[in-house]
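Colleague: Can you read through this structure? Questions will come right after.
Here, each number is a calculation from the coordinates, and none is a lab measurement. Just so it is clear, the model here is predicted, and its values are computed rather than measured. Don't worry about glycine lacking a Cβ; one is built from the backbone with ideal geometry, like all the others, and counts go over all protein chains shown.
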Amino acid sequence: MTHPHAGSDAGQAFPIYITVVGGLLLLALAYFAVGQAAATRSEAQTAADAAALAAALETRDRLADEWLEYVLEPDTWQDIFDGRVPVPSGCWRAHELAARNDASVDCQPDGLMGYRVVAETNDTVGDSIVPGTEGRKATETASAVVEARCSVEPPAEDADDEALPILSCKGGEEWDLKPDDLSGLPKPEDLFDVHLTDG
């Protein structure tokens, strides 16, 4: 025996089922849109971080080259370690690396040995259910700085007049350089740290 209201109950449940399924689908699309936006922002942040570090690394290498050139003129060392010598801007490296990450950047010096980079993705967020967002690009900022790892210490008291200062570096490293034997000089990474900052 069929219950007299069975067909009626089924008919009433169907619109509710459609509404629930439609709501879940809309929710899934919203999550997908949020995921798209987050992924695009992540790409922009990666590009900004990499570009800022690339610019700073370029400056580190140029400062290290400057130190090597004037290694026998220790009066210049501190200015080099403080970034108070003219070296070419490293921003060209930021632009080069951003292009590899499918982004464009605005790179500006930040202090004597730092860079601030604003990166924008070339790709947009793409089609989504949020009106007006499909053409938007993600923009993120990063800053990187070069810091000297070493301080310049006077040569030992019993050293001759031609003796070079001692480089005392982080981690307890010391470089006691000999003017007549410049083999085994410190490398750029021995002289300078490069890292991202919160600025």
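Colleague: Taking R0 as 41 Å, what's the FRET efficiency between Lys137 and Leu112 from their Cβ-Cβ distance, rounded to 0.05?
Modeller: 0.80
Colleague: Further question: Work out how much length Thr46 to Leu182 would gain on full extension: take 0.36 nm times their residue separation and subtract the Cα-Cα distance, in nm to one decimal. Before the final figure, lay out each step's value.
Modeller: Numbers: separation 136, 0.36 × 136 = 48.96 nm, distance 3.93 nm.
Extra length from Thr46 to Leu182 when fully extended: 45.0 nm.
Colleague: How would you rank Lys170, Lys137, going from fewest to most other Cβ atoms within 10 Å of each one's own Cβ? Provide the component values of the computation, followed by the final result.
Modeller: On the way: Lys170 12, Lys137 16.
The fewest-first ordering by Cβ neighbours comes to Lys170, Lys137.
Colleague: May I ask you to compute the full-extension gain from Glu120 to Ala156, defined as 0.36 nm times their residue separation minus their alpha-carbon distance, rounded to one decimal in nm?
Modeller: Extra length from Glu120 to Ala156 when fully extended: 7.7 nm.
Colleague: Give the peptides 73-81, 46-54 in descending order of average Cβ contacts within 10 Å, highest first.
Modeller: Top of the packing list down: 46-54, 73-81.
Colleague: Between Ala99 and Ser168, with labels modelled 7 Å along Cα→Cβ, what's the label distance in nm to one decimal, could you check?
Modeller: 4.6 nm
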